[in-house]
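K.L.:
Below is one structure. I have some questions about it.
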Amino acid sequence: MVEMKSEKPTVAIIGAGVSGICTSIELQKKLGITAKLFEMADDIGGTWKQNTYPGCSCDLPSHIYVLSSDLNPDWSTTYSSQAEILEYFKSVAKKHDIYQHTRFNTEVVRAAWIEEKKQWRLDLRDKHPSANDDIETVYFDILFSGVGSLRIINVPSEFKAFKGPIVHTGAWDNTIDFRNKRIALVGSGSSAIQSLPYLAEHASRLISYQRSAPWVLPRPQTVYPDFLDLVYLTFGYPNSFFSKKFANDINDLSAKELTQLGRPDLIEKLKPTYRLGCKRVVFSSDFRKAIVKPNVILNRTAIKNITDNTIVTEDGATEEIDILVLGTGFKTQHGVLGDIEKINGIFCFHYTVVGNEGQSLTELWEQDLPQLYKSTIINGFPNMFMLLGPTTILGHHSVLLMIETQVSFAVNAIKKLIIEKNMSAIEPTLEAQNAHMAQLRSDLKGTIWTTSCSSWYKNDSGEVTNIYPNSVTRFKHTLRKINEMDYVNHPARALK
């Protein structure tokens, strides 16, 4: 008879964003485990703390962008601002005592699985301004990676030669005065489109450089009357009678609006050349009103280079500017291992992760496409759960549902395999992992995401690695059961 280990496993969570908050809540609620969170920033929030550019908001209705453990009937508008969303997650963290179990301003430099101890060793560095570079080492039985992919801003090398202020939407500088300045805005994704109205209002001249026109759908913003709070609190948003309707033909809608605004000359320039859905759709009801302003210029020509304060496009035209604003997104396919510029086509890490044979996950995924079992755990990296990593991003719904499903799967696996079966580690077999990835690749064939467009769903080689190609319901069903045959048979844990 195998003797059970008396104490519960210790758990570390890297990142105190949405994934970390959700994991901490569920571990405490379902298993009575109090996890330790390590956060490089000085507060809770993750991407909602990092992104503070003007106009930043969620592209989903507020009432479905919540954790199921903490519904919020008090949203002020249909699509809440970054500040309101951040306050929601901070209030959830306070409610569940997550603050007192989080070490802020702490960088996880390295995470390594120590086979002899059956534990993860984390090397930590204090990021407070007064701290030195000393490394502290701690050990945990189980590791959750909640850093996400929207963390490292993408600053293309050709823009680094600019001599004036460079502002990235993912690292906004609120001290810069944009009033009466000549501003170049590069990009056509959500952050660029959302920040454009603010910049158009303040700039003396704004040039919007867009290599491809985005699909921009209307986002009707409604201030909620007080009685709706009671409706949502009682019945929940999905069961209410309120839903969002989109126009069937977005191009016709765009053309009609531009004509009404007196700029039919922009209709063709703002018509996307790729299929709707290949990239993440952008939602804005202010974009077209801003792009037609007399101080705003839309430039679809690719940028060739920058000399001092002058932008040179491929057609030889030049434009002198005072401030360069980059809405160029994040390095979602790149890891952080020394010089990130040399890492090509892999996933985003803020630390080195080393598995049971001494191989780093960065190196492993640099050699091949990211490989995971049920989009959450990885062969060769026992007791590590990756949240919102490769093959979990959605093009059609809230990723919070994916995070919650992954956390539920992880909690179930810890309960059944470690606490009840007394296994020393949770690790999928290579065969099970390969079968799962083969199924995902098969499901991805023929989908809109594989069509021709440049998207952060893809790696540098054009292969789709981030997106989950099926429905949330399918994902929940896939992760619902624990099949013991799919796991490496790690020996029982020894009593301490």
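K.L.:
Need the list of lysines near LYS95 for cross-linking: C-alpha distance under 19 angstrom, and skip anything on the same chain fewer than eight residues off.
P.N.:
Answer for LYS95, where 19 Å is the Cα cut-off: LYS29, LYS30, LYS36, LYS49, listed by chain and number.
K.L.:
How large is ³J(HN,Hα) for each residue in segment 380-386, as worked out from phi by the Karplus curve 6.51 cos²θ - 1.76 cosθ + 1.60 (θ = phi - 60°), to whole Hz, x for Gly and Pro?
P.N.:
Working through the residues one at a time gives x, 10, x, 6, 10, 10, 9 Hz.
K.L.:
Quick one: what are the phi-derived ³J(HN,Hα) couplings along segment 436-443, Karplus 6.51/-1.76/1.60 with θ = phi - 60°, whole Hz, x for glycine and proline?
P.N.:
With coefficients 6.51, -1.76 and 1.60, one gets 5, 5, 5, 5, 5, 5, 5, 5 Hz.
K.L.:
If you place +1 on the Cβ of every Lys and Arg and -1 on the Cβ of every Asp and Glu, how big does the dipole about the Cα centre of the chain come out, in debye to the nearest 20? Don't jump to the answer; show the numbers that get you there.
P.N.:
Details: 54 positive and 54 negative charges, 208 e Å.
I would put it at about 1000 debye.
K.L.:
Oh, and also: What net charge do the residues around ARG263 carry, taking every other residue with its C-beta under 14 Å from that of ARG263, with Lys and Arg at +1 and Asp and Glu at -1?
P.N.:
Overall, the nearby charge balance is +3.
K.L.:
Let me ask something else. With unit charges on the beta carbon (Lys/Arg positive, Asp/Glu negative), name the residue among LEU440, SER190, ASN422 whose Cα is farthest towards the positive pole of the charge dipole of the chain.
P.N.:
LEU440
K.L.:
A follow-up question, please. Mind checking which aspartates and glutamates have their C-alpha under 16 Å from LYS445, skipping anything on the same chain fewer than 8 residues away?
P.N.:
Partners within reach: GLU463.
K.L.:
Please list the non-local residues whose amide H lies under 5 Å from the amide H of ILE378, H modeled 1.01 Å from N, same-chain partners needing a gap of 5 or more.
P.N.:
The list, which skips near neighbours in sequence, is TYR373, MET384.
K.L.:
Which cross-chain or sequence-distant (5 or more) residues have an amide H under 5 Å from the amide H of VAL167, H modelled 1.01 Å from N in plane?
P.N.:
The answer is LEU324, VAL325, LEU326.
K.L.:
With charges set only on the Cβ (+1 for Lys and Arg, -1 for Asp and Glu), what does the dipole of segment 75-163 come to about its Cα centre, in debye to the nearest 20? Please report the intermediate quantities before stating the final value.
P.N.:
Details: 13 positive and 13 negative charges, 45 e Å.
Dipole size: approximately 220 debye.
K.L.:
Report the extension gain between ASP177 and GLU136 in nm, rounded to one decimal, defined as 0.36 nm multiplied by the number of residues separating them, less their alpha carbon distance. Don't skip to the answer; put the middle values down first.
P.N.:
Working: separation 41, 0.36 × 41 = 14.76 nm, distance 4.05 nm.
Value of the extension gain: 10.7 nm.
K.L.:
By how many nm would the segment from LYS117 to ILE419 lengthen if fully extended, with 0.36 nm per residue of separation less the alpha-carbon distance?
P.N.:
Working: separation 302, 0.36 × 302 = 108.72 nm, distance 1.73 nm.
Stretched fully, the LYS117-ILE419 segment lengthens by 107.0 nm.
K.L.:
What is the extension gain from GLN28 to GLU463, computed as 0.36 nm multiplied by their sequence separation minus the C-alpha to C-alpha distance, in nm to one decimal?
P.N.:
Details: separation 435, 0.36 × 435 = 156.60 nm, distance 3.81 nm.
Once the chain is fully extended between GLN28 and GLU463, it gains 152.8 nm.
K.L.:
Just to check I understand the Karplus step: with θ = phi - 60° and J = 6.51 cos²θ - 1.76 cosθ + 1.60, what whole-Hz values come out for segment 9-18, glycine and proline as x?
P.N.:
x, 8, 10, 10, 10, 9, x, 10, x, 4
K.L.:
Can you figure out the FRET efficiency of PHE104 with ASN483, using R₀ = 41 Å and their beta-carbon distance, to the nearest 0.05? Could you put the intermediate results ahead of the total?
P.N.:
Numbers: r = 39 Å, r/R0 = 0.94.
The calculated FRET efficiency here is 0.60.
K.L.:
Can you give the net charge of the other residues whose Cβ lies under 15 Å from the Cβ of HIS477, counting K and R as +1 and D and E as -1? Display every interim value, and only then the final one.
P.N.:
Details: positive: LYS374, ARG474, LYS476, ARG480, LYS481; negative: GLU404, ASP443.
Net charge in that neighbourhood comes out at +3.
K.L.:
Also, quick follow-up: Using a simple spin-label model with points 7 Å from Cα along the Cα→Cβ vector, what separation in nm is obtained for LYS256 and GLU7?
P.N.:
Calculated label separation equals 6.6 nm.
K.L.:
Let me ask something else about it. Return the long-range amide H neighbours of THR10 (sequence gap of 5 or more, or a different chain), with a cut-off of under 5 Å between placed amide H atoms.
P.N.:
ASP141, ILE142
K.L.:
What angle do you read, to the nearest 10 degrees and between 0 and 90, between the alpha-carbon axis of helix 226-235 and the longest principal axis of the chain?
P.N.:
Compared with the principal axis, the helix lies near 30 degrees.
K.L.:
Quantify how much of the Cα-Cα distance distribution of segment 347-496 extends past 20 Å, in percent. Present the calculation step by step, with values, prior to reporting the outcome.
P.N.:
Values: 5542 of 11175 pairs.
The calculated P(r) of segment 347-496 puts 50 percent of pairs beyond 20 Å.
K.L.:
Share of antiparallel DSSP beta bridges in the chain, in percent to the nearest 5? Each step should come with its number before you reach the end.
P.N.:
Details: 31 of 65 bridges.
Once the DSSP bridges in the chain are tallied, antiparallel ones form about 50 percent.
K.L.:
Still on this structure: Which net charge results for the neighbourhood of PHE287, defined as the other residues with beta-carbon distances under 12 angstrom from its beta-carbon, given Lys and Arg at +1 and Asp and Glu at -1?
P.N.:
Values: positive: ARG219, ARG288, LYS289, LYS293; negative: GLU257, ASP286.
So the surrounding residues net to +2.
K.L.:
Near LYS293, which aspartates and glutamates are there with a Cα under 14 Å away, not counting those fewer than 8 places off in the same chain?
P.N.:
Leaving aside aspartates and glutamates fewer than 8 places away in the same chain, those within reach of LYS293 are GLU201, GLU257, ASP265.
Every number here is computed from the coordinates shown, using simple stated rules; none is lab data. These numbers come from a predicted model, not from an experiment. Cβ atoms come from the backbone with ideal geometry, glycine included; neighbour counts cover every protein chain shown.
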